[in-house]
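Notes to accompany the following structure.
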Ligand SMILES: Cc1cc2nc3c(=O)[nH]c(=O)nc-3n(C[C@H](O)[C@H](O)[C@H](O)COP(=O)(O)OP(=O)(O)OC[C@H]3O[C@@H](n4cnc5c(N)ncnc54)[C@H](O)[C@@H]3O)c2cc1C
């Protein structure tokens, strides 16, 4: 933003702001009034960010007949959604009936699972709305966007969630499921938006929201080719810039796990996801919700990412050489525990396995790959469990005790400690230890919204004409990611809801 414009905006804001502040009842909230003739571009619905939420919002608003403009910071559309597998959760669809044994699953059960996994921190109304909307989005993506659903699977269990709430709900479309195939969904949905008149400007970073004297969001200031662009949005601005993934400062303040990952792990989401929409919302008084967690998993082993793939014989120990979590509980659940133990005991956790593990059909390790990893310094090995304990610096007696316990549970066919469901088989030496390192698929938490995807301010009031969708919005996922397919379904749901609501203004 140029200095001259900042000053001009400030002066206008100062003059008009008094009335605006009074109108909103928010002493001190920034209110920036703009004159209509000074806009560079005008549209009805302005979408900020062209990831999964952005293209869904654009398609819905364009289908509703609104003029739609999408501004995207990167040089291509898709954001993190491009990198994703594009899989999406929904309950009770015709595809679930066709491809799985779950013939009477319902959105109610789906919502109940998400609410329980939310551990009291989610907005139950939002979660219920998402679960109820999901089956319709699966149909919309097929009928309107042309995706072909070809299979389903389920996520791994969550220790305190009842078995009857679990089902195979993760929908996979043709060509989807692998890293990078989320682009198929993005391109298909954007094609619908474009065919209905939506326009896109790439390499355009939105910097600031503008409001009129009544607090209604009227547009944005963006930067394009080093120049300032002032864009008017007659019907609303929809923030779709994801969470605070690559913003170290916001992560430090809002999300210890994301902050830890930014410093110690690989954060795989789009580098342009720096929490801009959340910062811009907060700047005009928006509340936030759902911060704290993130989507962590083990990229090396893919442990507990799918209920179709059992976890191989192995267990995870902390600095005390003791187990602390059910290893085949859904990945972000057990990785949250890994994060907590790592910081609580100030040292890494390890996955322990043995030579016997190589013969398990589900294992990702082979003797050759293990040998190569040992040589590369990525894996520890020793003939005895005590010698392995010494290598990784945990109490040998504890690790020996833990191994003996594990082998007793394996012999009995029941894990009395943590209820492990798969891979409960004897582990014999030589032994191996792999230091757990999270791969991070994005941060959770965003602006507080209602079921219309309207952004709510810190006093509980709607900020008129401001919407947030996808991971830019918070409160609809709890303190850890409950399972694959939640996020992308959330981009479609909140994107479409925001697009419809804005277009209707
Ligand atoms: C490898 C990987 C695999 C995954 N697989 C799955 C999966 O299969 N299923 C699932 O549910 N979830 C999956 N996830 C998580 C999921 O992909 C994301 O949570 C979700 O796609 C985020 O969507 P979004 O629309 O909120 O954000 P994004 O898709 O990240 O879109 C945000 C966009 O906003 C743009 N932007 C940012 N700031 C600005 C600004 N100031 N001005 C303009 N534009 C801006 C960004 O450039 C970006 O294009 C995966 C994640 C990763 C990394």
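Among residues of the stretch 234-251 that are under 16 Å from residue 473 (Cβ atoms) and outside the structural domain of residue 456 (by TED's automatic domain parsing), none has a Cβ under 9 angstrom from a residue that is at pLDDT below 95 and part of a strand (DSSP E or B) at a sequence gap of 6+ or on a separate chain. In the stretch 52-81, of all residues being assigned to a helix (DSSP H, G or I) and near the ligand (Cβ under 7 Å from one of its atoms), the one that is surrounded by the fewest Cβ atoms within 10 Å (Cβ to Cβ) corresponds to 80. Could you check, for the stretch 385-407, whether at least one of its residues is in contact with a strand residue (DSSP E or B) (Cβ under 6 Å, 6 or more places away or on another chain), buried (at least 16 other Cβ atoms within 10 Å of the Cβ) and more than 13 Å from residue 321 (Cα to Cα)? No, the conditions are met nowhere in the stretch 385-407. Only one entry in 197, 215, 236, 226 is within 20 Å of residue 471 (Cβ to Cβ), away from the ligand (no atom under 14 Å from the Cβ) and over 21 Å from the mean Cα position of the chain (by Cα), namely 236.
Being within 16 Å of the ligand (Cβ to nearest atom) and crowded, with 21+ Cβ neighbours inside 10 Å: is that true of residue 261 here? I'd like the intermediate steps shown before the answer.
Numbers: within 16 Å of the ligand (Cβ to nearest atom): yes; crowded, with 21+ Cβ neighbours inside 10 Å: yes.
It is true that residue 261 is within 16 Å of the ligand (Cβ to nearest atom) and crowded, with 21+ Cβ neighbours inside 10 Å.
Within the stretch 121-146, being within 12 Å of residue 475 (Cβ to Cβ) and in contact (Cβ under 8 Å) with a residue 40 or more places away in the chain holds for 121, 122, 123, 125, 126, 127, 129, 130.
Among the residues of the stretch 178-188 satisfying the criterion of being in a helix (DSSP H, G or I) and closer than 16 Å to residue 83 by Cβ, which is nearest to the ligand (Cβ to nearest atom)? Here the residue is 182. The sole residue among 36, 64, 74 that is modelled with pLDDT of 95 or more and out of contact with any helix residue (DSSP H, G or I) (no Cβ under 9 Å at 6 or more places or on another chain) is 74. If you go through the stretch 286-300 and keep only what is buried (at least 21 other Cβ atoms within 10 Å of the Cβ) and either in a loop (DSSP other than H, G, I, E, B) or within 12 Å of the ligand (Cβ to nearest atom) (or both), you end up with 290, 291, 293, 294, 295, 296, 297, 298. Each residue in the stretch 477-505 was checked for being more than 12 Å from the ligand (Cβ to nearest atom) and either surrounded by fewer than 24 Cβ atoms within 10 Å (Cβ to Cβ) or not in a helix (DSSP H, G or I) (or both), and 7 pass. Among the numbered conditions (1) within 9 Å of the ligand (Cβ to nearest atom); (2) under 18 Å from the mean Cα position of the chain (by Cα); (3) within 30 Å of residue 216 (Cα to Cα), the only one that residue 271 does not meet is (3). With a requirement of 2 or more residues that are surrounded by fewer than 24 Cβ atoms within 10 Å (Cβ to Cβ) and more than 16 Å from the ligand (Cβ to nearest atom), the strands (runs of 3 or more DSSP E) lying completely within the stretch 436-475 that satisfy it span 454-456, 462-468. Tallying residues that are under 23 Å from residue 480 (Cα atoms), more than 8 Å from the ligand (Cβ to nearest atom) and buried (at least 22 other Cβ atoms within 10 Å of the Cβ) within the stretch 276-285 yields 1.
What do you reckon, is residue 105 away from the ligand (no atom under 15 Å from the Cβ), in contact (Cβ under 8 Å) with a residue 60 or more places away in the chain and under 15 Å from residue 494 (Cα atoms)? Outline the logic, then answer.
Details: away from the ligand (no atom under 15 Å from the Cβ): yes; in contact (Cβ under 8 Å) with a residue 60 or more places away in the chain: yes; under 15 Å from residue 494 (Cα atoms): no.
Against the criterion (away from the ligand (no atom under 15 Å from the Cβ), in contact (Cβ under 8 Å) with a residue 60 or more places away in the chain and under 15 Å from residue 494 (Cα atoms)), residue 105 does not qualify.
Scanning the stretch 154-170 for residues that are surrounded by fewer than 21 Cβ atoms within 10 Å (Cβ to Cβ) and not in a loop (DSSP other than H, G, I, E, B) gives 163, 164, 165. Taken over the stretch 371-387, the criterion of being under 36 Å from the mean Cα position of the chain (by Cα) and closer than 18 Å to residue 316 by Cβ is satisfied by 373, 378, 379, 380, 381. Looking only at the stretch 82-101, residues that are touching a helix residue (DSSP H, G or I) at 6+ places or on another chain (Cβ under 7 Å), more than 27 Å from residue 297 (Cα to Cα) and in a loop (DSSP other than H, G, I, E, B) come to 2 in all.
How many residues are surrounded by 19 or more Cβ atoms within 10 Å (Cβ to Cβ) and part of a loop (DSSP other than H, G, I, E, B) when one looks only at the stretch 307-316? Show your work before the answer.
Step one: list which residues in the stretch 307-316 are surrounded by 19 or more Cβ atoms within 10 Å (Cβ to Cβ), which gives 307, 311-316.
Those still in the list that are part of a loop (DSSP other than H, G, I, E, B) too: 307, 311-314.
So the count comes out to 5.
Every condition in (1) in the same structural domain as residue 268 (by TED's automatic domain parsing); (2) assigned to a helix (DSSP H, G or I); (3) more than 16 Å from the ligand (Cβ to nearest atom) holds for residue 132 except the one numbered (1).
The values are calculated or read from the model by the stated rules, or taken from the named source; none is laboratory data. These numbers were taken from a predicted model, which means no experiment stands behind them. Cβ sites come from the backbone with ideal geometry, for glycine too, and all protein chains shown count toward neighbours.
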